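Report on the following structure.
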Amino acid sequence: MQVKKYSSYAEIEKDLEILKLEKEINYQKLVLSFQKTKESITPENVLGGIFSSFKDYISNSYGSILPSILAFVINWFLNKKRGN
């Protein structure tokens, strides 16, 4: 980082004002981010996310689950018909 040389107090005051405004902007961004995070962590959103993930898992594994269930049902039906 370079050391800046000032020739007057007005330049120092101007840079201090800029830094103060940048600090306030960053603080407001942080507050807004915190509020958005707080709003997104509600029981409805958390449960909705869990159920959405579960639904995606079931729909993605549907092709592998269906043959297993079908084989079980057919086997159970055949054993019931035989009297076992």
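Table for the structure above
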{"quantity": "Lysine pair count for segment 1-47 [Cα-Cα under 19 Å; pairs on different chains or 8 or more apart]", "calculated": "6"}
{"quantity": "Full-extension gain in nm, residue 79 to residue 13, via 0.36 nm per residue minus C-alpha separation", "calculated": "14.7 nm"}
{"quantity": "Under the Karplus curve 6.51 cos²θ - 1.76 cosθ + 1.60, θ = phi - 60°, whole-Hz ³J(HN,Hα) for segment 39-47, x wherever Gly or Pro sits", "calculated": "5, 7, 9, 10, x, 5, 5, 5, 5"}
{"quantity": "For segment 9-19, 3J(HN,Hα) per residue [Karplus equation, 6.51 cos²θ - 1.76 cosθ + 1.60, θ = phi - 60°, Hz, x = Gly/Pro]", "calculated": "5, 5, 5, 5, 4, 5, 5, 5, 5, 4, 4"}
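Any read-out appearing in this document is the output of simple, stated calculations on the displayed coordinates, not a laboratory observation. Just so we're clear, the structure is a prediction, and the values are computed from it rather than from any experiment.
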